[in-house]
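Coordinate-derived values only; no laboratory data. Computed from a predicted structure; not experimentally measured. Note that each Cβ is placed from the backbone with ideal geometry, even for glycine, and that neighbours are counted across all protein chains shown.
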Amino acid sequence: MANVNHSKQMARLEARITPETKALFQKAANLEGRTLTDFVVASVQAEASRVIQKHQTLKLSVEDSEAFVDALLNPPKPNDSLKSAAIRYKQVMSD
């Protein structure tokens, strides 16, 4: 029988844990009616998504939000330092 090519490639992940930790995970998986592998993968995936979302979201206080919007709507006039930096940037980027 020929090997069947699967459309999804799978990768293996291994972890060494204590027997107590494995028993805890197994109990939780059993309570959910899932395999240990399914429970662990789903749990890690959910936590990974939460961590990524946390680090990609900027949360501001009300005061900081108002200051940010005010700076966007009413930007200060460029000072000499900023004007010099803009000139240097244009020179470097045009070369």
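A few remarks follow.
- Top positive-direction residue, dipole computed over the chain with Cβ charges, set 42, 76, 13: 13
- Point-to-point label distance, residue 56-residue 95, nm (Cα→Cβ direction, 7 Å offset): 3.7
- For Rg and Dmax of the Cα atoms in Å, calculated from these coordinates, the label among (1) 13.5, 45; (2) 26.5, 76; (3) 11.8, 33: (2)
- In this calculation the C-beta distance from residue 44 to residue 65 is compared with R0 = 22 Å, giving a FRET efficiency of 0.05.
- Per residue of the chain, the DSSP helices (runs of n ≥ 4 H) give a summed -39500 (n - 2.57) that works out to -21500 deg cm²/dmol at 222 nm.
- Among 83, 54, 27, the largest mean-square fluctuation in a Gaussian network model of the chain, built with springs joining Cα atoms closer than 10 Å, belongs to 83.
- Dipole in debye (nearest 20) - the chain, about Cα centre, beta carbon charges: Lys, Arg +1; Asp, Glu -1: 360
- Just checking the listed ones, 43, 84, 61: in the Gaussian network model of the chain with Cα springs under 10 Å, the one fluctuating most is 84.
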